[in-house]
Structures are given as C-alpha cells and as structure tokens.
Amino acid sequence: MIGGFLGAGKTTTISRLARRYQEQGLTVGIVTNDQAAGLVDTELLQSQGFEVGEVAGACFCCSFNQLTETLGKLEGSQHPDIILAEPVGSCTDLVATVAQPLMQFANRELEIGPYAVILKPSHGKKILRGSGQRGFSPQAEYIFRKQLEEADLLLVNRIDQLTTQDRDELVELLNQNFPGREILCISAKTGENIDRLMTALNQSGEHCRRILDIDYDIYAAGEAELGWLNANISIQAEVEFDLDLILTNLLQQMVDEMHELGSEVAHLKVIGQAEGAYAVANAISNDQPVQLSLASEHRTRFAELVVNARIAIPPETLEATFRKVLEHLANRNSLVVATTALNCLKPGRPVPTHRFNGD
C-alpha cells in the first residue's frame, strides 16, 4: 500500500512505480479506493494502460471483503507479480484493519511489503511544526499524524518543488515526530529516487507491525469535516476550446471560492478527455497554484470531465459552490455544460470489517 493524505501524490507515485516495474518485465495490478464511485485516479491510471480494480463506496478497512474480491479478480485475470494499492487519503489505522487481516486471511500467495506513507509538504510543514494557521481542524490533523505514525517508510514527495532547506526541515520534523522510520525524499513527477523507493519496498522482514492506539471518535470527526464530491461533466461548444485551459480555470475558480468561504482545500482533481487526448489538473491547498499535471495541448468542441473535490466544508455547500462555478465557467466561455452524474457527501464513521490489536 502507498498511503498518505489527500493530495500527497499517491496516484502519481503509483503510476511511476508501476511503469518502472513493467520495465523490469513484471506484471502490475493496481487497486484504487474511494468513498464513492467516479474516481479520477481510476480514469487516469486506466488511460495510461494499467489494469485497475476499484473499491468504491467505502475505505479498504470498511470494505475488506470487496478488497479481497478485487485482488482475486486481478489475480485471476493477469496473475500480477506486483499489486499496488492506494487507500483513501482521509483514512488511517490501515495496518490493523487492512495489512494484518490480509496477512491472516488472504495470504495465499501474497507477501505484504513495507507500508509507505507520503508526506504532503504543503500541509505537513504547518501541521508538524504545530504553530500558526494550519488549515484543518485538530481532528483532521489527528488523521494526518496517525497516517504517518503507522508507516514503515515515510516519503517526502515533490522535492522538485522544494528548496534544500525546506526538504531538510521536513526530514528533521519527521525524525522528531516519528523516530525510527526510514525516510526517502522523492519526486513522483520527475522520477527522482523512485529506484531507491523500489529497493525499499522490496525489502523482506517484519513489516506492517505498528498497531495504532487510535480514538475512533476523533478519527470519525476528522473525516466528517470533509465534503466529498465526485462528478461527471460533459462540455460542448460551437467553437473549439482549449481543454487544458478549461480544466485549470475550473479548479482555480473553485480554489478562489474556497478562499472566500474560508474553507481549506485538501485536494481538487479533474481529468478531461476529448478524442483520445487526456488532461489532468490538480489543486492541493489554498495557498498553492493550480497545476496542470498532464497537458493535452488539445483543442476540441466536446469533452468529458471527471471531477473529485475533497474540501473542509459541508457537502451541501460544496455542491452549491461547484454548480455555481460550472455556471460561471459556461457563461464566460460560451459553453454548454451538463452534469451527467454527481455524488456529494461526507464520509460516515469508519467501521472496519476486521481489526487486529497486535496481541
């Protein structure tokens, strides 16, 4: 499993790892996870040619049987040498509720590797410093910290965007807060140190042994703070539009609205597809610019979009704001925008199928 908070870079890391494993002649399966159907990550990974199974509707821990069924389907269809699994970015306690049960119940031919958790630099520095305005409630920060606490391997991602001083500070903060963990600095975007990550993931030994002392009331409150939106959108126009620009404008307008509302963005992601061309844009906090992580350089008169939003805001406010942004986007760009599917919710209380206590 490759874990980490919303917007940490899990999907990009998994994509990079999967490609490297394939270059070594290995067969790779991927399992994605979300609280609702309509996941950008699944669309993106499938567009890159990967075999992807999706566990939708609840986190791995609460849908353990669906997870094992998905693993079985991947095993039956392609006999993968490597399976990379991406848990929901607001979940924790995965060693006790996923890794340990897999070892006990589904270890037919499975060897569980070290649990790697990615630190999200934009929020990590503020939360681990423990000072100033950090964006999330103490309950959401509790999840952030617990994710890092149970890791075997901690990954500082996006080092291509960090100064040496920032990188060194993050490593020191991790060492202070979570001593005894192996720490790697990587860039999923450029591939820097991905080979070192593969070596670390291939280590044999005692992994996934850190069973958390966790308060499920705080955990549930932290998850419930987030509004969760998955939407499928179709866009058409009489004249061609720039697909990349539409995606970045959509997310930037959402970020601007969140600034006005005083709500913190955990992750905004959109994938757009038109005539076989794909574009992806992301926003991972209020104080960082929207990034076009995959450029299509494509102009079109029709496109289909999948949008995922994870924001510290009530779901009804999130949905109303999203519909407002779509209306403005349509009016400003002379577009006809249709919502073909939309699911907006707040995660329910996590109730794991199994939980091992380490005894």
Size of electric dipole in segment 2-223: Cβ of Lys, Arg +1 and of Asp, Glu -1, about Cα centre, debye, nearest 20 | 500 debye
Distance in nm between label sites at residue 75 and residue 195, each 7 Å beyond Cα in the beta-carbon direction?
-> 3.3 nm
Helix 164-177 sits at what angle to the longest principal axis of the chain, using alpha carbons and giving 0 to 90 degrees rounded to 10?
-> 50 degrees
Rounded FRET efficiency, nearest 0.05, which uses the C-beta distance separating residue 167 from residue 236 and R0 of 41 Å = 0.40
Rank 322, 342, 218 by how far each Cα sits towards the positive end of the charge dipole of the chain (+1 on Lys, Arg Cβ; -1 on Asp, Glu Cβ) and give me just the farthest.
-> 218
Over the chain: helical MRE at 222 nm, DSSP H runs n ≥ 4 each giving -39500 (n - 2.57), nearest 500 = -11500 deg cm²/dmol
Sort segment 120-173 into rounded, prolate or oblate with this rule: let a ≥ b ≥ c be the square roots of the eigenvalues of the Cα gyration tensor; rounded if a/c is under 1.5, and if a/c is not under 1.5, prolate when a/b is larger than b/c, oblate otherwise.
-> oblate
Excluding residues fewer than 8 places away in the same chain, name every one of the lysines whose C-alpha is closer than 28 Å to that of residue 10.
-> 73, 120, 125, 126, 146, 189, 269, 346
Specify the angular offset, from 0 to 90 degrees and rounded to the nearest 10, of the alpha carbon long axis of helix 10-23 from the longest principal axis of the alpha carbons in the chain.
-> 70 degrees
Within the chain, the percent of DSSP beta bridges that are antiparallel, given to the nearest 5, stands at 65 percent
Could the peptides 211-221, 241-251 be put in order, highest first, of the mean number of other beta-carbon atoms found within 10 Å of their residues?
-> 241-251, 211-221
On a 0 to 90° scale, report how tilted helix 138-149 is relative to the longest principal axis of the chain, with both axes built from alpha carbons and the result rounded to the nearest 10.
-> 50 degrees
Can you tell me which of 14-22, 278-286 comes out highest on packing, and rank the rest after it, using the mean Cβ neighbours within 10 Å?
-> 278-286, 14-22
With +1 at each Lys and Arg Cβ and -1 at each Asp and Glu Cβ, the charge dipole magnitude of segment 142-181 around its Cα centre, to the nearest 20 debye, comes out at 120 debye
Taking only the alpha-carbon positions of segment 2-223 as identical scatterers, the Debye log10 I(q)/I(0) at q = 0.08, 0.10, 0.11, 0.13 Å⁻¹ comes out as -0.26, -0.42, -0.51, -0.73
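Throughout, read-outs are computed from the coordinates displayed, never taken from laboratory work. Worth saying up front: this structure is predicted, and the values here are computed from it rather than measured. Glycine gets a Cβ as well: all are built from the backbone with ideal geometry, and neighbour counts include every protein chain shown.
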